[in-house]
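Okay, structure first, notes after.
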Amino acid sequence: MMSTFWFRGPRLWAQGILLFALRLAQLRTGFDSETGLALASLPGTLLAALLAVCAAAELVLCRRLPGEKAPFEAQFAPPGRETPCLVAGSFLLAAGGALLLVSALPARGAAAMAAGVLAVAAGGGFLLLARQLRAGRAAGVLPLLPAMFFSVFFVLAVYLPAGTDPVLARYYLPVLAASMTAYAFSLLAGFLRRESSARRFVWTADCAVLLCLAALADSLSSPGLLLLYAGCALLLSVFLLLCREAPAAEETA
């Protein structure tokens, strides 16, 4: 477990912090102050290159994981010392949703309001899931349903305001982060129906954590989005730590 912690914990977050720094530098120096058009910048080039390298490296590292579909209880260990982080991630998600809802009310942004409400419900769902797992009960589908619906509206809430922006470099990262998070949450829920594999989930969640940490740079002026990206990154990091190298059913076979 300790080797898994260092492999999937600090290593992943160190990469994410580096991506965050590059994205922050790109946002401050990579766009013309008058026209808003993207400029050729070293941070932007390094960011794109490093994102591609990280995605490829995570894909190679995940090849040793089993590709067979497995049930949730066999693939994930019950949370122990990870429980505080799971709870913290749930509260970050709920708090971010509440702030997003409040900020969206004046503009009547339907997607953002829906994402805010569902984020609060998703935070409660993860708390319920943590309680079920800690009690040794079988995980149900209901706790993860709000997270799946939230992630869909999260993508819309991030993309729609920027959909008419002709400068792709300005908004591609937060949209990509929200999209990968939606895919990761759907794969996490898929274990409850034996429709997901460790290999696919770990690669997707790894990329989602990296992208969410990098997208924090785009959300510094929006507390709601900032907490949502942080909460998603923390929650997915916890489930990456809980993910077994091989399903328990295979270990005892």
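The values are calculated or read from the model by the stated rules, or taken from the named source; none is laboratory data. From a predicted model like this one, the values you see are computed outputs, not experimental measurements. A quick note on method: Cβ atoms are made from the backbone with ideal geometry, for glycine too, and the neighbour counts reach across all protein chains shown. Ligands, DNA and RNA are stripped out before the accessible areas are found, and what is left, the full protein with its side chains, is counted by its heavy atoms. Shrake-Rupley method; radii C 1.70, N 1.55, O 1.52, S 1.80 Å.
Report, in degrees rounded to the nearest 10, the 0 to 90 angle that the Cα long axis of helix 223-242 makes with the longest principal axis of the chain. Computed tilt is about 30 degrees. Against the chain, whose longest principal axis is taken from its Cα atoms, helix 42-62 shows a tilt of about 10°. Computing Rg and the Kirkwood Rh from the Cα coordinates of the range 154-228 gives a ratio, Rg/Rh, of 1.03. For a test of the definition: using alpha carbon positions, the gyration tensor, and the 1.5 limit on a/c, classify the range 73-118 as rounded, prolate or oblate. It is oblate, given that a/c is not under 1.5 and a/b is not larger than b/c.
For the range 57-211, carbon and sulfur atoms together expose 67% of the accessible surface, with a 1.4 angstrom probe and every protein chain in place. Adding -39500 (n - 2.57) for every DSSP H run of four residues or longer, then dividing by how many residues the chain holds, sets the calculated 222 nm ellipticity at -23500 deg cm²/dmol. Would you mind classifying the range 129-253 by shape? Square roots of the alpha carbon gyration tensor eigenvalues, ordered a ≥ b ≥ c; an a/c under 1.5 is rounded, otherwise it is prolate if a/b is larger than b/c and oblate if not. Prolate is the answer for the range 129-253, as a/c is 1.5 or above and a/b outweighs b/c.
Kirkwood radius for the range 146-187, taken over all pairs of different Cα atoms as the inverse mean of 1/r, rounds to 10.4 Å. What is the angle, in °, between the Cα long axis of helix 198-215 and the longest principal axis of the Cα atoms in the chain? Nearest 10 is fine, range 0 to 90. That works out to roughly 30 degrees. Computed over Cα pairs, the Kirkwood radius of the range 69-190 leads via Stokes-Einstein (0.890 mPa s, 25 °C) to a diffusion coefficient of 160 µm² per second. Note on the chain: with a GNM built from Cα contacts shorter than 10 Å, the maximum mean-square fluctuation among 22, 236, 168 falls on 168. Mind jotting down the distance between the C-alpha centroids of the range 123-140 and the range 163-242, whole Å? With the range 163-242 and the range 123-140 each reduced to a Cα centre, they are spaced 21 Å.
Please say if the range 1-107 is rounded, prolate or oblate, where rounded means a/c under 1.5 for a ≥ b ≥ c the square roots of the C-alpha gyration tensor eigenvalues, and otherwise the choice is prolate for a/b larger than b/c and oblate otherwise? Oblate is the answer for the range 1-107, as a/c is 1.5 or above yet b/c matches or exceeds a/b. Scaled against 2.2 N^0.38 Å for its residue count N, the alpha carbon radius of gyration of the range 80-150 is 1.20.
Result for the chain in a Gaussian network model with C-alpha springs under 10 Å: among 129, 46, 235, the largest mean-square fluctuation is at 46. Of the residues 162, 233, 49, the one that moves most in a GNM of the chain with alpha-carbon contacts below 10 Å is 49. Using the alpha-carbon positions of the chain, Rg (one decimal) and Dmax (whole number) come out as 18.1, 65 Å. Solvent-accessible area per residue in the chain equals 46 Å², computed with a 1.4 angstrom probe and all protein chains kept.
Computed over the alpha carbons of the range 200-243, Rg followed by Dmax gives 10.7, 34 Å. Seen from residue 133, the other residues with C-beta closer than 15 Å to its C-beta sum to a net charge of +3, counting Lys and Arg as +1 and Asp and Glu as -1. A crude spin-label estimate for the pair residue 102 and residue 61, with each label 7 Å from Cα along the Cβ direction, gives 3.7 nm.
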